[in-house]
There are 2 protein chains.
Amino acid sequence: ATLSAKNEGKGKRVMIVGGDGYCGWATSLHLSARGYKVAIVDNLCRRSFDDQLGLNSLTPIVGIHERVRTWGELTGNDIELMVGDVTDYEFLGESFKSFEPEAIVHFGEQRSAPYSMLDRSRAVFTQYNNVIGTINCLYAIKEFAPDCHLVKLGTMGEYGTPNIDIEEGYITIEHNGRTDTLPYPKQGGSFYHLSKVHDSHNIHFAAKAWNIACTDLNQGVVYGISTEETMIDERLINRLDYDSVFGTALNRFVIQAAVGHPMTVYGKGGQTRGFLDIRDTVQCLQIAIDNPASKGEMRVFNQFTEQFSVNELAEIITKAAPKVGLSPEVINVPNPRTELEEHYYNAKNTNLKDLGMQPHLLGDNIIETLLQYAVQYKDRCDKTLIMPSVSWKESGSKVVTHGNVKA
Amino acid sequence: ATLSAKNEGKGKRVMIVGGDGYCGWATSLHLSARGYKVAIVDNLCRRSFDDQLGLNSLTPIVGIHERVRTWGELTGNDIELMVGDVTDYEFLGESFKSFEPEAIVHFGEQRSAPYSMLDRSRAVFTQYNNVIGTINCLYAIKEFAPDCHLVKLGTMGEYGTPNIDIEEGYITIEHNGRTDTLPYPKQGGSFYHLSKVHDSHNIHFAAKAWNIACTDLNQGVVYGISTEETMIDERLINRLDYDSVFGTALNRFVIQAAVGHPMTVYGKGGQTRGFLDIRDTVQCLQIAIDNPASKGEMRVFNQFTEQFSVNELAEIITKAAPKVGLSPEVINVPNPRTELEEHYYNAKNTNLKDLGMQPHLLGDNIIETLLQYAVQYKDRCDKTLIMPSVSWKESGSKVVTHGNVKA
Ligand SMILES: NC(=O)c1ccc[n+]([C@@H]2O[C@H](COP(=O)([O-])OP(=O)(O)OC[C@H]3O[C@@H](n4cnc5c(N)ncnc54)[C@H](O)[C@@H]3O)[C@@H](O)[C@H]2O)c1
Ligand SMILES: NC(=O)c1ccc[n+]([C@@H]2O[C@H](COP(=O)([O-])OP(=O)(O)OC[C@H]3O[C@@H](n4cnc5c(N)ncnc54)[C@H](O)[C@@H]3O)[C@@H](O)[C@H]2O)c1
């Protein structure tokens, strides 16, 4: 299997920080297939978290060097690989000087809320890794590539669950007879979500102070596994997390259903969030790159296509499962997080649609495909990793070692 | 000179992080004089910044060991001294275990906006030092002193200069027919101010998740030098910063007037901020400690007494100066910062007044006293340190060494 030739990117130089991760790998291939010149920057810490905690991807992902080599061999499109840490400015500076990016997509952060709440040391790591990495990207753009467009991944979780509509990044407030448009108030629900809130504030400032073009993508929960490019060879397969630390809502339920584990609804299950298909992640990234922000501006897009409550997700899967011969159960487990379990939720997401984004909605089709996919790899699943293992309330200074993470 | 006996504090155990600094030293003595059991925690990095950059306090401050010893000898009130870094959790944990604080006042951060904008390395240091120090304080309370009240110093600068009234920490927003009270939107104007914004978000989360009592004091610019206690012996004298990196608006103008340097108005001088006398800083801190926040709540007070524009400050000093034989000039220097120079500003500050705070307002009297005080030490002033030396726009990755800081 090979790909049809595409050339929408016309050689635009895009640096993908975190390009070995779930969203980053799919985005790298999507852009490379379309004629963009891609460099992956990654320190591979995500793989090391799996090693530390005894976790694994449901899908058998190969090493990043083999991934990149395979892609080049199969398609003739070379992706440059730079292994290193964006909190190391010397490394990042050299990467900028040699690659000369026109856009940098920054996926390269510690992205698990439970990981950030495991213990004090991981809370500190998460905020350091994410906040300092982003500050470094801003300084590197300022110094080495002032016209480079920063496309930064934030999360819808930055907003929390306010009792009013969630706007895209900014809100116009009328107060005591005066009006201003201000950054939307943020209420992150873990040290991870808060690190993204901090990033957004830092980027907002630096964009203005240094006249940098920035896009902050407040992404919803991503589901799915296959994009056109990751399917052409098993060595290009993407990661699929199912454990309670790195797995995310919809993907986790699908895998639980596939391996015969009850679907784990936390608390009452009324928690509502924005979701999107990974095929829309790569689409949105391309749109953001093709339509850069203005210099001096932090533009904000809410990057999700539909809202669901946890109970709705469980229901959707329960309904679709019999078509592939499965009959999953649901259990309500005590909520390990500090969050509202019943709340108003209405978030705007028109900016990306206005730029032409065509959503893949969550229909029975995609659920069936996902379930089949998960069934295919179900023997790789370690079921002891499924139940929640990190409690927000119990996060302490004692460093959690491998043994403690399993429930 | 000794002090009249006071005992409002009745042995309450208060840990003062940053107790060797400008606000922290005055607060430590104020509380110790009033019967609180005080421990100072400080890593003395503020003194090291002076060493690094060739700066000095206008007043001749002695070492912290001698300060504390002198205080004990003169008053019989012992202050415990713990020299160490709150970013070092092992140290902080031991301090908590041995002192068992009932309240912790956290002044211990890198607090200069220009210092945070000197270069990338100092930007990173500032956010690391401040954000991680505060996370550690939260974990230490959770683990070792769950009933301890955190009183954390933020800054009015967290709010920026919105075109609507500034409320105290939270704002009630009506939007599309629904209403919620949310954290007030923040727009920090330097990596320093942003570090405080990050702290506020982290504290807001941890207060709720871990049921901790927190007070966030958004303090205005502090002026003045003497509190009742720091005046009883020259070895107890407080620091007074006049250089362009650590000096703050009103104090700097007073010293410039005293040493015959024109008062340096940045840009148009319409920048308006909240101010307070250092005697009100110590008063406010005592009020916050005596009236703790509820557990699970981050209470926010805007801690300032009056608003002035930079031009108004220059005018007030120009008017008062002749009474002490001075006739200062004003110069407008190019603004090294990224900020609005003309803007709406109306900030609320009723919470502390409702708890009984009695402001010392900025009258001619205090200006005259301050000018005379500055004249007394004017020979210690290095005038080359006065002109602005740190440009927001030029902040880069090249580490600034001593020589570059002087204008
Ligand atoms: N997956 C989701 O559902 C989701 C939802 C919202 C937002 N996001 C955001 O999108 C981004 C990517 O998410 P993902 O699911 O692909 O995560 P991931 O963990 O699979 O990928 C992140 C990658 O970044 C790398 N990385 C982390 N820190 C780094 C550093 N300091 N230097 C260099 N590389 C570093 C990791 O090794 C990893 O390969 C993250 O920023 C995440 O917060 C993801
Ligand atoms: N001075 C002002 O006008 C003003 C205005 C608003 C807010 N504030 C805030 O009030 C607090 C005190 O301000 P200040 O003017 O007294 O500052 P300062 O620099 O004089 O004092 C801060 C003290 O904290 C110590 N410190 C810093 N990092 C530390 C760490 N990691 N561990 C232990 N000790 C550490 C320093 O050595 C110093 O003694 C700061 O948080 C500041 O942001 C001050």
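At 0.692 mPa s and 37 °C, plugging the Kirkwood radius over alpha-carbon pairs of region A:300-407 into Stokes-Einstein gives what diffusion coefficient in µm²/s? Numbers along the way, then the final one.
Numbers: Rh = 17.6 Å.
My calculation gives 186 µm²/s for D.
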Q. Taking H as built 1.01 Å from N, whose amide H comes closer than 5 Å to the amide H of residue A:170, not counting residues under 5 places away?
A. A:184
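Among rounded, prolate and oblate, which fits region B:184-270 when a ≥ b ≥ c are the square roots of the eigenvalues of its C-alpha gyration tensor, a/c under 1.5 means rounded, and a/b larger than b/c means prolate? Numbers along the way, then the final one.
Details: a/c = 3.55, a/b = 1.52, b/c = 2.34.
It comes out oblate by the Cα gyration axes.
Report the antiparallel proportion of the DSSP beta bridges in chain B as a percent, rounded to a multiple of 5. Numbers along the way, then the final one.
Working: 10 of 48 bridges.
If I count the DSSP bridges inside chain B, around 20 percent turn out antiparallel.
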Q | Shape box of region A:213-344 [Cα atoms, principal axes, largest first, Å] | A | 50, 41, 24
Q | Extension reserve of the residue A:211-residue A:342 stretch, reckoned as 0.36 nm per residue once the Cα distance is removed | A | 43.0 nm
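Could you work out [θ]222 nm for chain B from helices alone, using -39500 (n - 2.57) per DSSP H run of at least four and dividing by all its residues? Round to the nearest 500 deg cm²/dmol.
On the way: 14 runs with 146 residues, N = 407.
Calculated at 222 nm, the ellipticity per residue is -10500 deg cm²/dmol.
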Q: Sort shortest first the distances from residue B:177 to its counterpart in every other copy, using label points 7 Å along the Cα-to-beta-carbon line, and give them in nm.
A: 2.9
(Q) Whole angstrom only: what separates the Cα centroid of region B:85-158 from the Cα centroid of region B:26-72? (A) 17
Q. What spacing in nm lies between the two simple spin-label points modelled at residue B:97 and residue A:78, each 7 Å away from Cα in the Cβ direction?
A. 5.7
Q | Inter-centroid distance (Cα atoms) of region B:369-402 relative to region A:318-370, Å | A | 57
**Q.** Ascending list, in nanometres, of distances separating the residue A:331 label from those of the other copies (7 Å, Cα toward Cβ)
**A.** 7.5
Q: Over the alpha-carbon set of region B:13-382, work out the extent along each principal axis and list the three values in angstrom, largest first.
A: 63, 56, 42
Q | Global size of region B:281-325 as Cα Rg and Dmax, reported in angstrom | A | 17.5, 54
Q) Hey, can you list the DSSP H helices of chain A whose Cα span along the axis is 24 Å or longer and whose average Kyte-Doolittle score is at least -0.5? A) A:120-144, A:191-210
Q. When averaged across all projection directions, what area in nm² does the alpha-carbon convex hull of the protein assembly as shown cover?
A. 33.0
(Q) Given contacts defined as C-alpha pairs under 8 Å and at least six residues apart, what's the relative contact order of chain B, whole-number percent? (A) 20
Q: Please give, to one decimal in nm, the separation of the simple spin-label points placed at residue A:176 and residue A:369, each 7 Å out from Cα toward the Cβ.
A: 5.4
Q: Name the long-range amide H neighbours of residue B:340: under 5 Å, sequence gap of 5 or more, or other chain; modelled H, no Pro or chain starts.
A: none
Q: Between chains A and B there is a rotation axis; tell me the chain A residue with the nearest beta carbon and how many whole Å away it sits.
A: A:198, 2
Q: State, to one decimal in nm and shortest first, how far the label point of residue A:88 sits from each corresponding label point in the other identical copies (label point: 7 angstrom along Cα-to-Cβ).
A: 2.6
Q: Relative to the compact-globule scaling 2.2 N^0.38 Å, provide the ratio for the alpha-carbon radius of gyration of region A:1-138.
A: 1.09
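FYI, it's all coordinate maths here, none of it is from the lab. These numbers come from a predicted model, not from an experiment. Neighbour counts are summed over all protein chains in view; Cβ atoms, including those assigned to glycine, are modelled from backbone coordinates with ideal geometry.
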